[in-house]
Amino acid sequence: MAFQNTSERYQYIYGSNATRLDETGRDAGKGAKRAGVTSAKKAASRPERTVDAEKEAVILKNRQKLQAFDWKFTVVAAVAVLFCAAASLFYIDGTVRLNELSSQVSELKSEKAELMSKKAALQTEIDKSINLDEIRKFAKDDLHMIYPDPDHTIYYNDSASDYFRQYESVSAGK
């Protein structure tokens, strides 16, 4: 199909494949701007809708219902807003408490670390102050204690892993 001029080609590209014909059977869009002429013809060719009086009354009644102030909806909306505000305040309060508690936890952890270092220092001081030779001398001289001889030591075979049974029967043999 060969197009005679560019307006026919653009009408085919941008319009429908089947062009609209006027009363004489000719192309209605030829030589005129398509959008302006066809929309004006469409608007002029539309019939006015007629509505029954009953339907008009129902429509008017529905419009008045929609425009009337609805107290129920207002109360429900206000309650919903108050509920959301209370929930957000509760959330903020929980967040503040959480931050306070985490700061307390960090303070207590630092205090614990300080006390543990003090404990380690005191334990080291105690370990340094213990003189095993003095303890041995005190035990021998004042308490009359002696070291056990090798024949006073009893050995037993511990094959069971249960520590309650190890004291049931201790054999006195070497």
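The values are calculated or read from the model by the stated rules, or taken from the named source; none is laboratory data. Because the structure is predicted, anything quoted here is derived from the model rather than measured. Here the Cβ is made from the backbone with ideal geometry for all residues, glycine too, and neighbour counts use every protein chain on show. With ligands, DNA and RNA removed, areas are computed over all heavy atoms of the protein, side chains included. Shrake-Rupley method; radii C 1.70, N 1.55, O 1.52, S 1.80 Å.
Data table
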read-out: Residue, farthest from Pro148 (Cα to Cα), within segment 101-137, restricted to residues that are within 34 Å of the chain's Cα centre (by Cα) and open to solvent by 90 Å² or more (accessible area, probe 1.4 Å); value: Leu101
read-out: Leu98 vs. criteria out of contact with any helix residue (DSSP H, G or I) (no Cβ under 9 Å at 6 or more places or on another chain), among the aliphatic types (A, V, I, L, M), open to solvent by 100 Å² or more (accessible area, probe 1.4 Å) and modelled with pLDDT of 95 or more; value: yes
